[in-house]
Amino acid sequence: MSFRHLIDFDDLSRREWEDIYARAEQIMDHPEEYLDACRGKLEASLFFEPSTRTNFSFQTAMLRLGGTVFGFADPRSSSTAKGETLKDTIKMVSAYSDVIVMRNPREGAAKAASLYSEVPVINAGDGGHMHPTQTMADLTTITRLRGSVDGISIGLCGDLKNGRTVHSLIKALSKFDDIKFYLISPRELAIPDYMRAFMQENHMWYTEVTGLEAVIPLLDVLYMTRIQRERFIDPLEYERNKGVYVLSRRKLERAKPKMMVLHPLPRVDEISVDVDDDPRAAYFEQARFGMYARMALLMDLANQGHRKPDPVEIGTKPVCSNPNCITQTEGGYLPPLVKTVGGVECCAYCDKALR
Ligand code: CP
């Protein structure tokens with residue numbers, strides 16, 4: 001295994017993902033063999049943002065492997081509320097734990113945390129940026145229920161601008177063959193430029209459309225997403241777009257009989273409850289599969305041991321203009337990291353192009 005932290009699905013090769021998936025299947029089929037796989041290990045669960053599935057599935061994953069969990073689900077109960085930096089929080093928590101699972105509203109927060117941690121950091125969602133372990137749940141579901149991921153036509157529908165699960169899933173699917181993407185969103189909620197640059201750089205087939213009904217007959221997988229109200233700076237933009245896509249049983253009549261309906265959840269109104277009993281609805285199973293994928297991941301990362309991180313340069317100012325980037329709040333010390341995507345210089349925390 002070549003990765004120490006899981007910040008972005010790009011940290012994994014396809015082979016590494018396949019090894020994790022194979023172990024997740026083994027755990028599903030023979031859970032009794034894994035009761036001690038993380039015995040004595042401690043997972044720090046740092047949720048600076050609300051969560052049901054990711055938080056609880058990571059906690060139950062560690063408990064099912066024989067390990068223990070501590071942490072918070074509300075940052076107001078930690079010294080963050082007194083003004084402690086992310087760096088100091090991570091330095092302390094990594095001294096107490098064997099693995100850190102962190103969700104944070106700031107894009108690039110997990111990357112920033114990884115610079116200062118003695119133990120592996122798992123990105124459990126960083127703002128509207130990435131959510132790689134949700135992608136593990138998604139790929140596990142497609143593989144387990146369909147047999148393989150290669151060759152699918154997938155519709156990604158909803159808030160593709162702010163939907164971190166969509167960004168991570170696109171990155172992951174770049175490692176598979178013959179994937180066709182139908183990107184279904186209102187124009188103002190289309191995928192960010194850095195994701196479009198990523199798809200072009202990786203020669204991925206995609207088309208951007210605004211209507212769901214015209215493309216639904218073409219899809220093997222329909223991945224619905226919520227309009228991410230908490231990410232909108234302008235409340236009127238949310239009001240304009242809420243409720244724009246609603247998958248109903250009637251709309252499903254035009255879909256392939258075996259098309260799979262996925263959703264990272266939580267849903268608001270974008271899938272009618274009358275779809276829940278359709279055999280194509282796989283979203284609750286998807287959330288359950290996520291726990292097994294996270295168990296397989298924790299077995300690798302929680303058993304890696306402590307390692308002092310390399311010293312990093314002290315930054316002096318934000319390098320990125322993205323108002324949601326971690327450098328906007330922690331930029332006084334974070335090093336100004338830059339990477340190139342599609343020939344464009346981007347912030348290495350949040351991926352936004354530097355201007
Ligand atoms: N899919 C997902 O991340 O759900 P939660 O926000 O409930 O963790």
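The values are calculated or read from the model by the stated rules, or taken from the named source; none is laboratory data. Remember, it's a predicted structure, so these values are computed and weren't measured experimentally. FYI the Cβ positions are ideal-geometry reconstructions off the backbone, even for glycines, and counts take in every protein chain you see. Surface areas here come from the heavy atoms of the whole protein model, side chains and all, with no ligands, DNA or RNA. Shrake-Rupley method; radii C 1.70, N 1.55, O 1.52, S 1.80 Å.
A few notes on this one:
- Residue within the stretch 255-263 that is within 16 Å of the ligand (Cβ to nearest atom), under 18 Å from L145 (Cα atoms) and hydrophobic (A, V, I, L, M, F, W, C) present: yes
- Pair list, Cβ < 7 Å and 6+ apart or interchain, from the stretch 253-268 residues that are touching a residue at least 60 places away in the same chain (Cβ under 8 Å) to residues that are among the small types (G, A, S) and within 16 Å of the ligand (Cβ to nearest atom): M260/A282; L262/A282; L265/A287
- Within the stretch 164-283, strands (runs of 3 or more DSSP E) holding 3 or more residues that are touching a strand residue (DSSP E or B) at 6+ places or on another chain (Cβ under 7 Å) and open to solvent by less than 20 Å² (accessible area, probe 1.4 Å): 180-184, 221-224, 260-262
- The helices (runs of 4 or more DSSP H) found entirely in the stretch 1-101 that carry 2 or more residues being within 16 Å of the ligand (Cβ to nearest atom) and surrounded by 19 or more Cβ atoms within 10 Å (Cβ to Cβ) are 53-64.
- When L160, L115 are checked against the criterion of being closer than 30 Å to L42 by Cβ, more than 13 Å from the ligand (Cβ to nearest atom), among the hydrophobic types (A, V, I, L, M, F, W, C) and surrounded by fewer than 24 Cβ atoms within 10 Å (Cβ to Cβ), L115 stands alone in meeting it.
- Only a single criterion out of (1) within 19 Å of H131 (Cα to Cα); (2) modelled with pLDDT of 95 or more is not satisfied by I227, namely (2).
- Residue count for the stretch 68-108, restricted to those that are within 28 Å of C346 (Cα to Cα) and touching a residue at least 40 places away in the same chain (Cβ under 8 Å): 13
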